[in-house]
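Each remark here refers to the structure printed beneath this line.
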Amino acid sequence: MGLKEHRENAPARIGFGVLTVSDTRTEATDAGGDYLVDAVDGAGHACGWRDRVPDEADRIRAALVEAVAV
C-alpha cells in the first residue's frame, strides 16, 4: 500500500491517552500534559484518557494497564 492509499484508508480521528509521570506535577502544574492534550485536540483527534502518577514502577504499570483497557 502506498502513501496515497494509506491516507485514504486511515481513520479521520484517532484516540489518544496522556500519562504524566512525575513526583512534582499536579493538575494545576502539568503544562506538558496540557500541551499534549491541546495538540491532540487541535489536530482533530481525541484525548480520551489522562492521568498523572508518581515516579513509582507499580503506579506507572497500573496506569498503563488502565489506559490500554480504555
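The values are calculated or read from the model by the stated rules, or taken from the named source; none is laboratory data. No experiment lies behind these values; they were computed from the predicted model shown. Here the Cβ is made from the backbone with ideal geometry for all residues, glycine too, and neighbour counts use every protein chain on show. The area values use the complete protein model at the heavy-atom level, side chains included, leaving out ligands, DNA and RNA. Shrake-Rupley method; radii C 1.70, N 1.55, O 1.52, S 1.80 Å.
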Can you give the accessible area of His6, probe radius 1.4 Å, in Å² rounded to 10?
100 Å²
What ³J(HN,Hα) values, in whole Hz, does the Karplus curve 6.51 cos²θ - 1.76 cosθ + 1.60 give for the stretch 54-68 when θ = phi - 60°, with x put for Gly and Pro?
x, 6, 9, 3, 5, 6, 5, 4, 4, 5, 5, 4, 4, 4, 5
P(r) for the stretch 1-53: what percent of alpha-carbon pairs falls in each 10 Å bin, starting at zero?
23, 38, 23, 12, 3
About its Cα centre, the chain carries a charge dipole, from +1 on Lys and Arg Cβ atoms and -1 on Asp and Glu Cβ atoms, whose size in debye to the nearest 20 is 300 debye
Divide by every residue of the chain the summed helix terms, -39500 (n - 2.57) for each DSSP H run of at least 4, and state the resulting mean residue ellipticity at 222 nm, rounded to the nearest 500 deg cm²/dmol.
-13500 deg cm²/dmol
